[in-house]
Every structure is written in C-alpha cells, then in structure tokens.
Amino acid sequence: DDLKRLLAYSSISQMGYMLFGVASVSVVGVIGAVLLYVSHGLAKAVLFMISGVFMHELKTRRISELRGLAGLMPVTAVVTLIGFLSLAGVPPLLGFWSEIFIFAGSIYVAISGGIDVFRLIITSTAVVMSVLTAGYGLWTIKRVFYGEPSDKIREVAREPYGMLLPAVILTALTVILGIYPTMLVSQVNNTLIQIFLIKMP
C-alpha cells in the first residue's frame, strides 16, 4: 500500500533484467542492459519525485488514500503514467527498446549454436514477468488517479510546478530517447567495440 515501497521493490526485478542482459553474453544483450540502466534510472527518478510530491502536497504516499487525482493533478498523472509505462517496456518509450535488446540478445545466443531450450525457457519467463510489471504499474495508476477523490484530498490537491519541472524534463528525455534510440544505442555499441573489440551480431 506504500507507493515508495512498491517502487523500491520493483527495482529488484529491473536489476534482474539488467543481469539477464549481461548474462546473455552478446553485444545486443549488453546494449539492452545499458539501455535498461538508463531507462530505469530516468523512470524511477521521475516516480520517486512524484512520491515526494504526494508527501509534500497530500501528506501521504499510501495508495489506498490516493485516488481521483487525474482531474486534480493532470500533469502529475501524465508524468506518472509515462514513468510506469517505460518501466513496463511499452513503446515508444526507452524501456521498450531496452527489453527488446535484452530478449533479442538472449534469443540470438539460444539459437545461434543449436537450440538452447533452457535459455529459451528463461527468456520466455522474463517476457511473462515484464507483462506482470506492466500489470502492477497499471494497477497503481488506476488506484491513484481514477475514482472519486476524498474530501481531504480534494481540498489540498494542487500541482507544485516547481517540484514537477525536473520530473517533466526527465519524462521528456525518456520519450525522446525512446523515439530516437539510435542516439544512445550507437554510443553504447561503439564503446563496447572499443572495450571488447567485437561487432554487434
């Protein structure tokens, strides 16, 4: 029921995806892990800022006490939605490309030297878990921003634009890097080539 705790626990699964990308032992997978590192950092920074906004303005971060905020705090709602969608890997956000690269890298390794059934099963499990990530994100959005707000929330809800500005900037960066992922992918690929003297498969 604690929004901040939910965000903290969700980082565990994201760290698992990063490790999964590195463990694919492919340049594509490692690029995906780096992209996820960036996208997760941006999205989580935004969502923790929003949690701080709730604490500052509404004096609570309990999900059960936060509802109906979409009409009262529309900018906050949009920023939060984009943050959760990026974590869930929804296109065209940066989180989508990070997961595509990670899964593609794992599948490439699984089928390049014969069929590695175990790796394919693990990859399929990771895909299912990404769907669950989208599920808890959408559940949180529904609980916090839809429904009828309480009288207490209605009285104090307002958008502190000064506090929201950093979150809006990071959200815009998430969208821009999602639409133009080559800006980041090419840099990461060039760095990996310099480090490992290998080419992207």
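The values are calculated or read from the model by the stated rules, or taken from the named source; none is laboratory data. In this text the structure is predicted, and so the values were computed from the model without any measurement. Here the Cβ is made from the backbone with ideal geometry for all residues, glycine too, and neighbour counts use every protein chain on show.
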Spans of helices (runs of 4 or more DSSP H) in the range 1-111 with at least 2 residues under 30 Å from GLN187 (Cα atoms): 3-23, 27-58, 74-88
Close pairs (7 angstrom Cβ cut-off, 6 or more residues apart or separate chains): closer than 17 Å to TYR161 by Cβ in the range 66-78, of a type in the set (S, T, N, Q) and at pLDDT 80 or above anywhere: LEU69/THR76
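The rows are residues; the columns are (1) over 26 Å from PRO149 (Cα atoms); (2) aliphatic (A, V, I, L, M); (3) touching an Asp or Glu at 6+ places or on another chain (Cβ under 6 Å).
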position	(1), (2), (3)
SER26	yes, no, no
VAL30	yes, yes, no
SER39	yes, no, no
ALA43	no, yes, no
MET55	no, yes, no
GLU65	no, no, no
GLY83	no, no, no
Residue match in the range 156-166 (condition: under 14 Å from the mean Cα position of the chain (by Cα) and closer than 23 Å to LEU3 by Cα): no
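Let's see how each residue does on (1) of a type outside the set (D, E, K, R); (2) more than 17 Å from the chain's Cα centre (by Cα):
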site	(1), (2)
VAL117	yes, yes
ILE141	yes, no
PRO149	yes, yes
ARG154	no, yes
Count - residues of the range 180-190 that are outside any loop (DSSP other than H, G, I, E, B) and either surrounded by 13 or more Cβ atoms within 10 Å (Cβ to Cβ) or modelled with pLDDT under 80 (or both): 4
Residue within the range 139-158 that is in contact (Cβ under 8 Å) with a residue 60 or more places away in the chain, over 30 Å from LYS59 (Cα atoms) and aliphatic (A, V, I, L, M) present: no
